[in-house]
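> Dropping a structure here in structure tokens format, bear with me for questions.
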Amino acid sequence: MRIFWQLIYRYHVFLIFIGLEVLAFALLVRNNNYQRAVALHSANRITGELYARRTAISEYLRLQSINEELAKENADLRNQSGDAFQKLGDQIYIFEDTLYLRRYSFMPARVVNNSINRVNNYITIDKGSASGIRKEMGVIFGESAVGIVKDVSEHFASIMPLINNNFALGIKLKRSGAFGRVIWTGEDPTLARVIEVPRYANPSRGDTVVTSGYSSYFPEGMNVGVIENYKIPEGEDFYEIDIRLTTAFHELSYVQVIQDFLNEEQRELELRSQQDEEQ
């Protein structure tokens with residue numbers, strides 16, 4: 001307390017000067033309309049800027065919750081869209097009727113870890129078996145394929161993405177309908193290679209590559225990439241096609257996990273057919 005009074009005594013002249021300046025300014029503003037208007041305008045502008053900055057900071061801090069809400073809304077919309085249903089016939093035209101059978105369900109999940117600079121990259125999401133996540137479920141971002149669920153714990157799951165040397169995905173060229181497989185060459189996380197595309201496919205730069213729908217991982221028509229270059233190696237009958245992947249793996253923050261309700265039925269049927277042929 002003694003130090004406080006010593007500081008006041010030492011700077012009392014300066015403090016008195018400041019006090020008189022404030023008093024003079026207050027009297028000037030109070031007794032002159034023009035100065036009062038200018039002061040009010042300046043105060044309002046400063047206050048407005050402070051409020052705007054506070055709002056911007058508040059919105060920035062809420063970005064995660066906003067993204068979570070948007071991811072959930074996108075999943076809900078996709079669950080109600082035609083992508084989630086399989087058509088059973090052509091004689092009925094009511095969407096809610098038995099003409100359509102729900103085949104897919106989409107669950108939003110947040111990316112908590114992601115690698116893009118390894119030979120075998122992996123992505124970790126914050127949903128696991130407690131949320132209904134199972135191995136070999138497909139994972140998408142928007143309208144583009146990301147990868148498949150590889151391993152699952154109670155609250156997390158690891159995703160094997162397209163940019164993993166051990167992953168191959170059945171695809172087709174959207175324009176011609178020719179089938180092939182997409183693999184990653186282990187170099188650029190924005191590029192991949194399509195193989196086993198036959199000569200008659202007649203690809204072109206800019207053509208879209210999409211999922212074939214033959215696997216149980218993804219619905220048909222999910223974007224995979226866009227053709228940049230292609231060639232038929234000497235002595236071969238199939239194209240090698242370089243594509244630019246449509247999924248920006250370095251920007252992933254939220255994804256959607258696909259549950260295929262008919263997956264087990266399809267696999268059991270295919271397994272029985274294979275066993276019958278072997279007998």
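> Any residue at all in segment 215-227 that's surrounded by 14 or more Cβ atoms within 10 Å (Cβ to Cβ), among the aliphatic types (A, V, I, L, M) and in contact (Cβ under 8 Å) with a residue 60 or more places away in the chain? Walk me through how you get there before you give the answer.
The first filter runs over segment 215-227 and keeps only residues surrounded by 14 or more Cβ atoms within 10 Å (Cβ to Cβ), leaving 215-219, 221-227.
Filter once more, so that each one left must be among the aliphatic types (A, V, I, L, M): 222, 224, 226-227.
Imposing the further condition that a residue be in contact (Cβ under 8 Å) with a residue 60 or more places away in the chain reduces the set to 222, 224.
Yes, segment 215-227 has at least one match.
> Kindly establish whether Gln256 is surrounded by fewer than 13 Cβ atoms within 10 Å (Cβ to Cβ) and either at pLDDT below 95 or of a type in the set (Asp, Glu) (or both).
In short, no.
> For residues that are out of contact with any strand residue (DSSP E or B) (no Cβ under 8 Å at 6 or more places or on another chain) and small (Gly, Ala, Ser), scanning just segment 162-194, find the one that is surrounded by the most Cβ atoms within 10 Å (Cβ to Cβ).
Ser176
> While we're looking at this one, here's another question. Taking into account only those residues within segment 117-138 that are closer than 22 Å to Glu187 by Cα and among the hydrophobic types (A, V, I, L, M, F, W, C), which is nearest to the chain's Cα centre (by Cα)?
Ile123
> Now for a different question. Restricting to segment 251-265, name every residue that is in contact with a strand residue (DSSP E or B) (Cβ under 8 Å, 6 or more places away or on another chain) and either in a strand (DSSP E or B) or not aromatic (Phe, Trp, Tyr) (or both).
Once the filter is applied, which keeps residues that are in contact with a strand residue (DSSP E or B) (Cβ under 8 Å, 6 or more places away or on another chain) and either in a strand (DSSP E or B) or not aromatic (Phe, Trp, Tyr) (or both), segment 251-265 yields Leu252, Ser253, Tyr254, Val255, Gln256, Val257, Ile258, Gln259, Asp260, Leu262.
> Let me ask something additional. Can you pull out every residue in segment 226-260 that is acidic (Asp, Glu) and within 17 Å of Ser204 (Cβ to Cβ)? Don't jump to the end; show me each part of the working.
Initially, segment 226-260 is screened for residues acidic (Asp, Glu), giving 228, 234, 236-237, 240, 242, 251, 260.
Listed by number, the residues that qualify are Glu228, Glu240, Asp242.
> Now, a different point. Kindly indicate whether any position in segment 190-203 is in contact with a helix residue (DSSP H, G or I) (Cβ under 9 Å, 6 or more places away or on another chain) and assigned by TED's automatic domain parsing to the domain that holds Asp237.
Taking every residue of segment 190-203 in turn, at least one turns out to be in contact with a helix residue (DSSP H, G or I) (Cβ under 9 Å, 6 or more places away or on another chain) and assigned by TED's automatic domain parsing to the domain that holds Asp237.
> Just checking, which of Arg205, Arg244 is within 27 Å of Asn114 (Cβ to Cβ) and of a type in the set (D, E, K, R)?
Numbers: Arg205 fails: within 27 Å of Asn114 (Cβ to Cβ).
From the options Arg205, Arg244, the qualifying one is Arg244.
> With the requirement that a residue be small (Gly, Ala, Ser) and either modelled with pLDDT of 95 or more or at negative phi (or both), what does segment 109-146 give you?
Ala109, Ser115, Gly128, Ser129, Ala130, Ser131, Gly138, Ser144, Ala145
> Which residue pairs have Cβ atoms under 8 Å apart, sit 6 or more places apart or on different chains, and have a first residue in segment 233-248 that is of a type in the set (Gly, Ala, Ser) and a second that is modelled with pLDDT of 95 or more and assigned to a loop (DSSP other than H, G, I, E, B)?
Note: pairs meeting the criteria are Ala248/Thr190.
> Please verify whether segment 196-213 includes one or more residues that are within 26 Å of Val111 (Cα to Cα) and surrounded by fewer than 14 Cβ atoms within 10 Å (Cβ to Cβ).
No: zero hits.
> Which residue is surrounded by the fewest Cβ atoms within 10 Å (Cβ to Cβ), if the candidates are limited to segment 117-145 and must be of a type in the set (A, V, I, L, M, F, W, C) and more than 14 Å from Met107 (Cα to Cα)?
Going through the qualifying residues, I end up with Val119.
> Another one. Name the one entry in Ile140, Ile133 that is closer than 23 Å to Tyr254 by Cα, of a type in the set (Val, Ile, Thr) and outside any strand (DSSP E or B). Break it down into steps so the answer makes sense when it comes.
Values: Ile140 fails: outside any strand (DSSP E or B).
It is Ile133.
> I would also like to ask the following. Considering only strands (runs of 3 or more DSSP E) fully contained in segment 147-246, which possess at least 1 residues that are within 27 Å of Phe261 (Cα to Cα) and modelled with pLDDT of 95 or more?
Those strands (runs of 3 or more DSSP E) span 157-161, 169-173, 179-183, 208-211, 223-231.
> Another question, if that's okay. Would you say Gly177 is in the same structural domain as Val209 (by TED's automatic domain parsing) and either in contact with a Gly (Cβ under 7 Å, 6 or more places away or on another chain) or in contact (Cβ under 8 Å) with a residue 24 or more places away in the chain (or both)?
Spelling it out, it is not the case that Gly177 is in the same structural domain as Val209 (by TED's automatic domain parsing) and either in contact with a Gly (Cβ under 7 Å, 6 or more places away or on another chain) or in contact (Cβ under 8 Å) with a residue 24 or more places away in the chain (or both).
The values are calculated or read from the model by the stated rules, or taken from the named source; none is laboratory data. As the structure is a computational prediction, the values presented were derived from the model and not from experiment. Here Cβ is always computed from backbone atoms with ideal geometry, including for glycine, and neighbour counts include all displayed protein chains.
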